Amino acid sequence: PEGQKVPAIVGEITDGQIHVKTSGLRFDQKTGMAATSERVDLALQQGSGNSIGASYDSSKGQLVLDHAVEMHVFRTGGQVAVHSVHAVFERVQQTCSLAQAHAEYSGGTADFANELLHFRTDGSVARLDGSEGVDLRTSSGSHVTSPTGTLDFDEEDHPRHGVLEGGARCESSRPDREIHGSAHRVLLDFDG
């Protein structure tokens, strides 16, 4: 609604829903479809974001963020900033697919040509499936790439385990050592 503030601070949203604020909204009551080509601001329990253009299909529970998607997700230990050219939230499947996603967090960056996030019922990320290019970099100088990858997360959205497949390559440069390697399949375990 016009004039209503969209909460953007963690803790202000407690209902587990995605709250959306925009202008130029068109709604077809017969089909349950709503759409806009204007800026869209959204807020949810875990953070906030925006995009240019969006559509919502109420019968499917599908929210499409057209382009220039930016999300800020808050987790214990910091914030994750996610940029994507397109995003689709599926309420029934509890997933979000992202195209050409780039994430920045305190420990490094992650890039995915295609990313599918699977959520738990509480809204935390359970698993991430990346395809057509996975690129992970840490702030300490490690770099891992592969065609596909899966990361499992704990309840506080921190990665626990991962599998990179299809020809993974890794390198790490530190003053005391340098590591280069490749394998068809790489298993990852994350510490604190």
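The values are calculated or read from the model by the stated rules, or taken from the named source; none is laboratory data. This is a predicted model, so every value here is computed, not measured. Quick reminder, even Gly has a Cβ in these numbers, built from the backbone with ideal geometry, and neighbours come from all protein chains shown. For accessibility, only protein heavy atoms count, side chains too; no ligands or nucleic acids. Shrake-Rupley method; radii C 1.70, N 1.55, O 1.52, S 1.80 Å.
Non-local amide H neighbours of His86 (under 5 Å, H modeled in plane, Pro and chain starts lacking H): which ones?
Distant-sequence amide H within range of His86: Val69, Ala99.
So how far apart, in nm, are the two label points at Asp154 and Leu187 if each is 7 Å from Cα heading toward Cβ?
Modelled inter-label distance: 2.0 nm.
Specify the inter-centroid distance of the range 91-108 and the range 20-82, based on alpha-carbon positions, in whole Å.
First find each Cα centre; the distance between them is then 14 Å.
With every protein chain left in place, what is the accessible area per residue of the chain in square angstrom, probe 1.4 Å?
Working: 10940 Å² over 192 residues.
Spelled out: the 1.4 Å probe surface of the chain, per residue, equals 57 Å².
Using a 1.4 Å probe on the protein heavy atoms only, what accessible surface does Phe27 show? Give it in Å² to the nearest 10.
Here the residue's solvent-accessible area equals roughly 130 Å².
Quick one: 3J(HN,Hα) in Hz for the range 69-84, Karplus 6.51/-1.76/1.60 with θ = phi - 60°, rounded, Gly and Pro as x.
Result, ordered by residue: 7, 9, 10, 10, 9, 9, 9, 4, x, x, 10, 10, 9, 10, 10, 8 Hz.
Quick one: 3J(HN,Hα) in Hz for the range 175-187, Karplus 6.51/-1.76/1.60 with θ = phi - 60°, rounded, Gly and Pro as x.
x, 9, 6, 10, 10, 9, x, 8, 7, 5, 9, 10, 9
Taking θ as phi - 60°, what are the ³J(HN,Hα) couplings along the range 151-161 by the Karplus curve (6.51, -1.76, 1.60), each to the nearest whole Hz, with x for Gly and Pro?
10, 9, 10, 7, 5, 9, 6, 9, x, 10, 9
Only Cα pairs within less than 10 Å get springs; with that Gaussian network setup on the chain, which residue of Ile179, Ile18, Ile52 has the largest fluctuation?
Among Ile179, Ile18, Ile52, the largest mean-square fluctuation in the Gaussian network model of the chain belongs to Ile179.
Connecting C-alpha atoms closer than 10 Å in a GNM of the chain, tell me which of Arg177, Arg91, Arg127 has the biggest fluctuation.
Highest fluctuation among the options: Arg177.
Over all directions, how big on average is the projection of the convex hull of the alpha-carbon atoms in the chain, in square nanometres?
Numbers: hull surface 46.5 nm².
The number I arrive at for the chain is 11.6 nm².
Multiply the residue separation of Ile179 and Glu90 by 0.36 nm, subtract the distance between their alpha-carbon atoms, and state the gained length in nm to one decimal. Display every interim value, and only then the final one.
On the way: separation 89, 0.36 × 89 = 32.04 nm, distance 4.03 nm.
My answer for the length gained is 28.0 nm.
When all protein chains stay in place, what accessible area (Å², nearest 10, 1.4 Å probe) is found for Arg39?
About 120 Å², rounded to the nearest 10.
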